[in-house]
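The values are calculated or read from the model by the stated rules, or taken from the named source; none is laboratory data. These numbers were taken from a predicted model, which means no experiment stands behind them. Ideal geometry is used to build each Cβ from the backbone, glycine not excepted, and the neighbour counts take in all protein chains shown. Protein only, heavy atoms only, side chains kept; ligands, DNA and RNA dropped before computing areas. Shrake-Rupley method; radii C 1.70, N 1.55, O 1.52, S 1.80 Å.
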Amino acid sequence: MAGSGVHSSQAWDALHSLADAGAIPVATTIHGRGAIADSSPWSLGVVGNNGGRPYANEYLAAADVVLLIGTRANATDTNSWQGPARSGTAVIQIDIDPDRAGRNFPQAVRLVGDARTVLGQLAEHLRPASESVREARAHDLRERRSEWERERDSPDLAPGQLLPRDVVEVVDQVLGHAALWVADPGTPTPNVATFRRIQEAGRTVVIPRGHGPMGYAIPAAVGMSVAQPDTPVVSVTADGSFAMACGELETVSRLDLPILFVQFTNHSLGWIKMLQHLYSGRRYFGVDPGTIDAVKVAEACGIRGERVTSIDRLRELVSEFAHDPKTLYIDVEVPHMIDVLPPVPAWEASLAGTSERPVY
């Protein structure tokens, strides 16, 4: 299970070399997205309790041995300590911080050091997998991924609403691997983490999950664009986060930055409302603020904006941005999480009858 430490160490090649030699499946945390390309035969996809793919969580939960690389392996990353389990699974943890190695898994074998260095050292002593094991394991992973992709639901939506999944996939298809993405907490996180395909290893997705930073994606996009001025940036926010950081659109306009903003609007503080829905007896409090017209705010800052109600129009606008990357703010109404569940395993379990609230 690879986390953001792989990015900090630039250990992408070292990770792939170890995985390929041993035919070792690689799962990534939210922060580790891009540690391995989704096109790799050894890629499991994202795991955990926020965007985690069910088959990937199941794989880690059933594993005999799990190697943790540059990840805190906290409750979100491990799907509330289910994968890897705290008992019955041998855990090895690589972390550059001796105080963090083994903190959440006290029984772990601690390998304290830089991720790229330690992965290289492990590769020197790893016995390569046999061809029969490689073929069988690659086939198994391919089947698991394919089955997950086939099991896509198509829920009924209110007129003008779009699925966050479809929006992420269209933007990703049009802009390709070159774009950098940043996503806010709430609706953006599980959808960007799960449905944006990583074609090449590297840090092209930034998600600040774990720090509770609503409103991060708009100002963070400014920093990313200034740091890499020739690269288009996709900033995925939501209406609650927009209200906390919309003033930075003036900065974006003044600097004329090539940022595509995509806002998921469900007219609430959706994540918190969903928690109240599932675990507080549907007693909603402080989660339904008045709607702000994000398009008008963007236009008031000198930015072109449009509310999009169809996938075809979305594709047209993103194609225009791809051809001529000028700042663009797209507002999309999406169904509330209460009506269409995002990829959050704990919530799926709750709706299936598990009343225990997940640990964050």
Looking at the structure I just gave you, is ALA11 of a type in the set (A, V, I, L, M), closer than 19 Å to VAL109 by Cβ and at pLDDT 95 or above?
yes
So, restricting to helices (runs of 4 or more DSSP H) that lie completely within segment 50-161, which ones have at least 1 residues that are closer than 30 Å to ILE272 by Cβ and open to solvent by less than 80 Å² (accessible area, probe 1.4 Å)?
54-62, 131-150
Filter segment 290-319 down to residues that are touching a Gly at 6+ places or on another chain (Cβ under 6 Å) and open to solvent by less than 40 Å² (accessible area, probe 1.4 Å) and give me whichever is farthest from ALA245 (Cα to Cα).
VAL295
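For (1) in contact (Cβ under 8 Å) with a residue 60 or more places away in the chain; (2) of a type in the set (Gly, Ala, Ser), each residue gets a yes or a no:
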residue: ARG145; (1), (2): yes, no
residue: GLU151; (1), (2): no, no
residue: HIS177; (1), (2): no, no
residue: VAL182; (1), (2): no, no
residue: GLY223; (1), (2): no, yes
residue: SER241; (1), (2): no, yes
Among the residues of segment 193-223, count how many are under 21 Å from LEU44 (Cα atoms) and either part of a strand (DSSP E or B) or of a type in the set (Gly, Ala, Ser) (or both).
5
Report yes if LEU44 is touching a residue at least 40 places away in the same chain (Cβ under 8 Å), in contact with a Leu (Cβ under 8 Å, 6 or more places away or on another chain) and either in a loop (DSSP other than H, G, I, E, B) or within 17 Å of GLU149 (Cα to Cα) (or both), otherwise no.
yes
Report the residue count in segment 162-185 for those that are at pLDDT below 95 and assigned to a helix (DSSP H, G or I).
0
Right, VAL262: under 23 Å from GLU316 (Cα atoms) and open to solvent by less than 40 Å² (accessible area, probe 1.4 Å) or not?
yes
Considering only segment 251-294, state which residues are polar (S, T, N, Q) and under 18 Å from PRO164 (Cα atoms).
GLN263, THR265, ASN266, SER268
For segment 24-35, enumerate the residues that are out of contact with any Phe, Trp or Tyr (no Cβ under 7 Å at 6 or more places or on another chain), open to solvent by less than 10 Å² (accessible area, probe 1.4 Å) and in a loop (DSSP other than H, G, I, E, B).
THR29, ILE30, GLY32, ARG33, GLY34
Scan segment 261-289 for residues that are aromatic (Phe, Trp, Tyr) and closer than 15 Å to PHE242 by Cβ and report the count.
3
